Every structure is written in structure tokens, then in C-alpha cells.
Amino acid sequence: MMRTRVLAVLAAATFALAGCGGGSDDDVSDLSAKEILAKSKAAAKDADSLTVEGEGQTGTTRIEVDMEFTDTTGEGSISADDAEIELLSVDDKTYFKAGPEVYSQFGANGDQIARTIGDKWILASGDAFKQIVTFANRDSFIDQLLTPDTTPTKTKGKKVEGVDCVGLTTKTGTLYVDRSDARPIRLDPEGGSGKLTFDYDDVDPAKAPKADDVFELGALG
């Protein structure tokens, strides 16, 4: 069964970009940081469509995130340096694709395993794949991404991505949320090492792969 070292690196590195992180139809700037944070998470989860995209640096690891969610599906990719995982969540099932850097966790010869699996999806089921399921599901993704490492403090309002925002800051970064409805707008890691943006334009729901496009792990022996 697949070990989770690469997945753990992806998880830790991606979530390290987030120092804090959820809606309301009223100005939230007068609320406490804790109240704004709760509303920000809820607003992100309530959105009909959500795209989280960007990159950043944590330690020596470069992280890239490109995920699209509807209320029932998720798809996109997350990478840490050269290790990239494509994700697809639909009909309460999660699938993933990867390359030799990740597939080497199945065995010593990641290149051979990658050639065997080819461009097929793998169904992420069982305890070994819980982290992948977390990435591909909107609500669990938001819970992980926008959970603070320390108690956030409220910062002075500013316009971010063309939106009037209030900031929530911890030692690892600042989350800017729309002051009118608490939707997350942008997450800036400490030190200016990148950014993650949150967009709410409509996205098409993901479609389940055909059975012939899914690789059975048992075939690896």
C-alpha cells in the first residue's frame, strides 16, 4: 500500500501557506477576528463555485495550488516542487493522478510504476488516501487551509484584488476577506513568498472518469 510521505509533504507545505482562514451579507469589519474567521470559512463553503489558485514558498519547498470546486465536485492539482498530484472528486469518490515522484511511494521504481499506470486515474479509497480526499473535497479543503496556527488578529482594511477587505493575520500570513460578506479573497504568506487567490466565478462541475480510465491498484501486485 502507498506510503504517505510525499502526500504529507504536500499537505504540510500547502497548509503552511495559510495562517488563518470563512458568510454574511453585512459589513464584518466590526466583528472580532474570531467571528470574521468563522464567517469566512462558512462563506467559502456556501459558495456555489470556488477556485483557489496560486503559489508560495514554505522553507525550501515551492508550492502551487490550482483547485476548482462546486458544492458537490472538485478538481485540479497541488504540487510541491516536482511532486504534483491531479485531483478529481465526484459522486462521493475521489481520484488522483501523479508522476514518478509520487508513484515511487508504491515501490522503488517510480518510473516503471508510472509507465504501468499511464494516464489513468486511481481511486483514492482507504486510510492511506485520506489526505488526498481532504484536498479534493471543498469543505475539508477549506477547513484545513483556513484553520489558524495561532490566534489571528484583525488588521487595517484595504482594497485587495479590487475588493474592500479586512485582514486576519497570524505569524505565517494574512488572509484578506471581503468586508461585505466575509468571503476569502486572498491569502498572503508571510515574507511575500507568493499568494493564494479565491475566485467565485462559475465553474463546470467535474465529471467522473470512465471505468476504462481508472487503474486498479491490485494490478501492481
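For Arg179, the accessible area of its heavy atoms, probed at 1.4 Å with every protein chain present, is near 80 square angstrom.
Within the full protein context, the accessible area of Val203 is estimated at about 30 Å² for a probe radius of 1.4 Å.
Which links in Lys159/Lys195; Lys39/Lys158; Lys39/Lys207 stretch past 22 Å when you go from one Cα to the other? Pairs exceeding 22 Å: Lys39/Lys207. Calculated from the alpha-carbon coordinates, segment 75-190 shows an Rg and a Dmax of 18.2, 54 Å respectively. Among the protein heavy atoms, those of Leu168 account for about 0 Å² of accessible surface (1.4 Å probe, every chain in place). Remark: segment 130-221 carries 52 Å² of accessible area per residue (probe radius 1.4 Å; ligands, DNA and RNA excluded).
The values are calculated or read from the model by the stated rules, or taken from the named source; none is laboratory data. Computed from a prediction, not measured in an experiment: that's the story for all the values here. Heavy atoms of the whole protein, side chains included, go into the accessibility calculation; ligands, DNA and RNA do not. Shrake-Rupley method; radii C 1.70, N 1.55, O 1.52, S 1.80 Å.
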